[in-house]
Amino acid sequence: MRVVVAGAGAVGSFLANDLARGGHDVLLVERSAEAMERQPEGSTVDLLIADACEVDTLHRAGLERADVVVAATGDDEDNLVISLLAKQEFAVPRVIARVNHPKNHWLFNESWGVDIEVSTPHLLSALVEEAVSVGSLVRLLQFDGGHTRLVEVTLAEASPAVGVAIADIGLPRGATVVAVVREGSVVVPHGDTTLGAGDEVLLLVTAGGEDEVRGLLVAEG
């Protein structure tokens, strides 16, 4: 997979090198030569010292061949510009953008070319909720400009889904169970998989189906 990462700060550098160790073809773009000098010894990441907000730079980076672009700079305005150029000028299939300031979270959507936005404060909040919440639906991640979400429900004893096979729950068309975590083990879900109290159920669900999923999996009151 060809990945272009913009921003050689702590986040971008770690991500680029981690992906390269996984066997991916990775290019790291950063306008600061000093930041590039901090790359770990033996790194297989390709480096381009240039401003990723410039169209010429993105041509030099070969964005037309990229499978994924990650805008991981420490500046939200730069990340939005990079995302928009990647999607509109180069038709990159998947654009992932880092949100640095929570107040800017609402901007990171398909209008700016963002397929997936990653906001550390929101992610941490969701993970805290996921860790302490039983019997409530927790939104973990958003995709497709917020139209698709990864949600988690830890089933309470009173959940209407307890003792019911997944195929019989009546999930809406826009919802799919992607995993069930049971007693520390991941259960690959099938239609005949029966859910139990304490199961952590992870679903991909469209925005319009979230309330219906909540009603099917979360106990009332």
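The values are calculated or read from the model by the stated rules, or taken from the named source; none is laboratory data. Computed from a predicted structure; not experimentally measured. Note that each Cβ is placed from the backbone with ideal geometry, even for glycine, and that neighbours are counted across all protein chains shown.
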*Check D168 against each of (1) of a type in the set (D, E, K, R); (2) farther than 30 Å from L85 by Cβ; (3) at pLDDT 90 or above; (4) assigned to a strand (DSSP E or B) and name the one condition it does not meet.*
(4)
*For F90, indicate whether it is within 22 Å of H59 (Cα to Cα), of a type in the set (F, W, Y) and assigned by TED's automatic domain parsing to the domain that holds V11.*
yes
_Residues satisfying the stated conditions in segment 51-79, i.e. under 17 Å from E110 (Cβ atoms) and surrounded by 22 or more Cβ atoms within 10 Å (Cβ to Cβ)_ = V69, V70, A71, N79
_I need a count of the residues in segment 175-196 that are at pLDDT 90 or above and acidic (D, E)._
1
*asked:* Yes or no: segment 136-143 includes at least one residue that is surrounded by fewer than 16 Cβ atoms within 10 Å (Cβ to Cβ) and either more than 18 Å from the chain's Cα centre (by Cα) or of a type outside the set (A, V, I, L, M, F, W, C) (or both).
replied: no
*Which of the residues that make up segment 8-49 are at pLDDT 95 or above and at positive phi?*
none
*So, of the residues in segment 173-192 that are crowded, with 16+ Cβ neighbours inside 10 Å and in a loop (DSSP other than H, G, I, E, B), which turns out to be farthest from the chain's Cα centre (by Cα)?*
P189
*Could you tell me whether any residue of segment 132-154 is among the aliphatic types (A, V, I, L, M), in a loop (DSSP other than H, G, I, E, B) and at pLDDT 90 or above?*
no
